[in-house]
Amino acid sequence: MSNAPDLRRLLVATAKSDRAAFRALYEASSAKLFAVTLRICRDRAVAEDALQDAFVEIWRKAGAYSAERGAPLAWMAVIARNRSIDLVRRRGRGPAWGGGGDEEQALWEEADPRALEDGGAELMALRACLEGLEPSKREMILSAYMEGYSREELAERAKAPVGTIKTWLRRGLAELRQCLGGRSEEQ
Amino acid sequence: MTEERDLDAAERALGLDPIPPGETAEEAAARIAWEVRFAPLLTLPAPVEPPFGALEEVERRLGLDHAAMGAEIVEFSSLRRRMRGWRAAALTSMAAAAALALWVATPAEAPRYVAVVTAAEDGRAALIVDIDTGTGAATVVPVGLRAPQGSDYELWRVTPDGSAPISLGVLPRDPSLRRSIAADPGDVFAISLEPAGGSPTGAPTTAPVFTGEVVRVR
């Protein structure tokens, strides 16, 4: 968890409207968040807009961050992802790169080693459970999450009816839930 | 919570379904639990340096930009006086800019501005800013600019009307970055040496180390 305490401290200071902390937070995390928005938007200009939207929201919501929301970088990455999806669903997005599923394989092969380390046991468990899924379900879940694909876009890519995609995704999620121990029931 | 409702929450966490306006606290907790599970995946892709200036745009949108900073403005007005003493450097800039114009000359429609930002002491170029007013795109190319450990160079736009310098951001270490920069001929780009992360006050804390006037090349 090399950088986690630092980001946490910066988020806390940002919540108190500390502009220098916000700048430092940006410097420390923007390249990771830009990787998130670029992956979804696939256009640098749109991805930059999504990044800006994300940091506007991070400034405003920093006070809502708590450790239960996960690591600070992951929490910010979720905001970047959600703002990216909002933008691409409004404006459309650039053409897909690579064939279905290739990028998901590359995700692990090209993973930032520090992120693997920082993700800890939770990430290892998720990875193991994802790998236990049928490849088609795994790729679909990862494409929905990492690329922000809608069911309709997934259906188009897989050349399958939307209803089928919905069923596959839901079954995949049910298997993941069982594999991960259905922890949300404890919450 | 039943499995079916938890899976509904998972679908919302994945963005497959929108979050309903009437989401209950229990549904929100289930959705957030899924978000937290998946979120570490988002940190896996290798970092990609965002375009230069995105932070400044965020600050502008949040109303955190650097206008009206009181005391610092006074300090920078002395800087503006000193800038008059840098005409020689500006002339060097213009010569360099004219040379640059030869290779940037393309079928011209919109005006194109260039600033060669040079060291006050020896006229050594530190940064070239090339602005295409047609597309609004600016290319900022640092030339051998390396801030000492624990500090950063920050780029400022100084307009001739005497208003406070506008921060254009901390100069990244990347060799060439594009962003949208507004400037007019006669403006001066100035670079100050600041604590790491940039000026904590929003105004330059030191006298400029490098300056360059914006000139029109087409």
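Derivation of every value follows stated rules applied to the coordinates shown; laboratory data play no part. Since the model is a prediction, treat every value here as computed from it, not as a measurement. Here Cβ is always computed from backbone atoms with ideal geometry, including for glycine, and neighbour counts include all displayed protein chains.
Details
- Placing dummy labels 7 Å off each Cα toward the beta-carbon, the span from A:Asp6 to B:Glu49 is 1.7 nm.
- Rounded FRET efficiency, nearest 0.05, which uses the C-beta distance separating B:Ala207 from B:Thr24 and R0 of 56 Å: 0.45
- For q = 0.28 Å⁻¹, Debye-computed log10 I/I(0) when each Cα of the stretch A:108-157 counts as one equal scatterer: -1.08
- Note on A:Glu117 and A:Arg60: the extension gain reaches 17.6 nm, defined as 0.36 nm multiplied by sequence separation minus the Cα-Cα distance.
- Across peptide A:12-24, the average count of Cβ atoms from other chains found within 10 Å of a residue's Cβ is 3.
- The stretch B:113-154 and the stretch A:120-157 have Cα centres lying 44 Å from one another.
- Theoretical FRET efficiency, 1/(1+(r/R0)^6), r = Cβ-Cβ of A:Ala106 and A:Glu134, R0 22 Å, to 0.05: 0.70
- In sequence order, calculated HN-Hα J values of the stretch A:10-21 (Karplus, 6.51, -1.76, 1.60; Hz; x Gly/Pro): 5, 5, 4, 5, 4, 4, 9, 6, 7, 5, 5, 5
- Working from the Cα coordinates of chain A, the gyration tensor eigenvalues give, after taking √(5λ), semi-axes of 29, 21, 15 Å in decreasing order.
- Rounded to 10°, Cα long-axis angle of helix A:72-91 versus longest principal axis of chain A: 60
- Within straight-line reach of A:Lys61, meaning a Cα separation under 21 Å, sit the following lysines at least 8 residues removed in sequence or on another chain: A:Lys16, A:Lys32.
- Fewest-first ranking of A:Arg177, B:Arg146, using other Cβ atoms within 10 Å as the exposure measure: B:Arg146, A:Arg177
- The label-point distance for A:Lys166 and B:Glu121, in a model that sets each label 7 Å from Cα toward Cβ, rounds to 7.1 nm.
- By the count of neighbouring beta-carbon atoms within 10 Å, fewest first, A:Arg9, A:Arg157 end up ordered A:Arg9, A:Arg157.
- Across A:Lys32, A:Lys159, A:Lys16, mean-square fluctuation computed from a Gaussian network of chain A (C-alpha pairs under 10 Å connected) peaks at A:Lys159.
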